[in-house]
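For reference, the structure is listed below as structure tokens.
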Amino acid sequence: MASHLVSNQALWRPGFLLLICLSTALGPAGAVRGADGPLLVGVFPRYNAAETTTRYTPLANYLQERLHRKVALLTSKDFQSFWRGIEDRRYDIVQYNQYHYIRSAKTYQVIAHNKEFGKSTMAGALYVRKDSGITDLKQLRGGTVLFGGGEDAMISYIVPVYLMLQAGLKKDEFKSQFAVTPINSVIGVYHKQAEAAGSADNALGQPVIRNAINTDELTALAVSEQLLQLPWAVKRTTSASLRDAIQSALVDLENTEAGRNILKTALLTGIGKAQDKDYDPHRKMVQAVMGHSN
């Protein structure tokens, strides 16, 4: 059974499920006005609830103004409570990871994807210390691999495991351990807590990692193909007019200075259109690693 490591570098802090109800925007009546209740926005909890609130409240305010409808931001204290919200179809609009979308595609429809660090895609990677002598994935047989997050982490668990399976390893031929975040998994390998770390292909360039360790002592052992970034989805019961209005509002953010400032606050560089088939490469990897594709 996988064990769990909690680093003192962890970025998570306990908190309560937080509901922020934003004030109703004033504006001319539109096609999406008049439905009962606010639109609830759920955000993948890569940050703690307080930071998520700070980073995404401007975006929620913007959606409210564009849609002429009350919008509320829901933040979760951890991945488990966030996933319960998806299972309960609590969110009308949700940003989550690619595996979450694949699992919920029967009830949610993807409409957009994140752009981060100027890119629409990202890859999974396995990192090792340069002085470890490990130059081939097969050398991880019998070793320990430290993954960021949990077994539902697309880029930092599913994709790295897929790379190992493609190299001929079996899941029971290496020991899986989990750090709180992908950042902590890389830091853990630097401190020799495992032979390899599963994280994103841009991990060594992130300031929080570069400020914590000497990244020159690490190297990418393997990197996956580029995969479309985190998706945005709406309930499949959403009307076509509202769905299209939400998609248009998200995609338009990068076209104005005010919108780009909203994106910058959320640590995004843009949001692009997406459709279900864009996540077929992710499904192939999920099938290989998890034994199912939905």
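Can you list, largest first and rounded to whole Å, the semi-axes you get for the chain by taking the square root of 5 times each eigenvalue of its Cα gyration tensor?
Gyration-tensor ellipsoid for the chain: 36, 19, 17 Å.
Hey, how many Å between the Cα centroid of segment 206-256 and the Cα centroid of segment 115-175?
Using only Cα atoms, the two centres lie 20 Å from each other.
Using a probe of 1.4 angstrom, how much of the accessible area of the chain is carbon and sulfur, in percent?
C and S fraction of accessible area: 50 percent.
Which residue, GLN229, GLN247, GLN166, has the most motion in a Gaussian network model of the chain that connects Cα atoms within less than 10 Å?
Of the options given, GLN166 has the highest mean-square fluctuation.
Taking only Cα atoms and a 10 Å spring cutoff, compute GNM fluctuations for the chain and point out the largest among VAL251, VAL159, VAL208.
VAL208
Can you compute 3J(HN,Hα) from phi for each residue in segment 185-199, using the Karplus curve 6.51 cos²θ - 1.76 cosθ + 1.60 with θ = phi - 60°, rounded to whole Hz and x for Gly and Pro?
Values per residue, Gly and Pro as x: 5, 5, 4, x, 5, 4, 8, 6, 7, 7, 6, 8, 10, x, 7 Hz.
Among rounded, prolate and oblate, which fits segment 198-294 when a ≥ b ≥ c are the square roots of the eigenvalues of its C-alpha gyration tensor, a/c under 1.5 means rounded, and a/b larger than b/c means prolate?
oblate
Would you mind calculating the relative contact order of the chain from Cα pairs under 8 angstrom and at least 6 residues apart, reporting the percent as a whole number?
25 percent
Can you give me the relative contact order of segment 154-262 as a percent, contacts being Cα pairs under 8 Å and 6 or more apart?
Across segment 154-262, relative contact order equals 21 percent.
Could you tell me the relative contact order of segment 94-197? Use alpha-carbon pairs under 8 Å, at least six residues apart, and round to a whole percent. Walk me through the intermediate numbers first.
On the way: 136 pairs, mean separation 34.3, N = 104.
Across segment 94-197, relative contact order equals 33 percent.
For segment 162-294, what is the accessible area per residue in Å², given a 1.4 Å probe and the full set of protein chains?
I get 45 Å² per residue for this part.
I want the antiparallel fraction of DSSP beta bridges within the chain, as a percent rounded to 5.
Bridges in the chain are about 60 percent antiparallel.
Rg to Rh ratio, segment 58-144, alpha-carbon atoms and Kirkwood radius?
That ratio equals 1.13.
The values are calculated or read from the model by the stated rules, or taken from the named source; none is laboratory data. This structure is a prediction, so every number in the text was calculated from the model and none was measured. These accessible areas exclude ligands, DNA and RNA; they are computed on the full protein's heavy atoms, side chains included. Shrake-Rupley method; radii C 1.70, N 1.55, O 1.52, S 1.80 Å.
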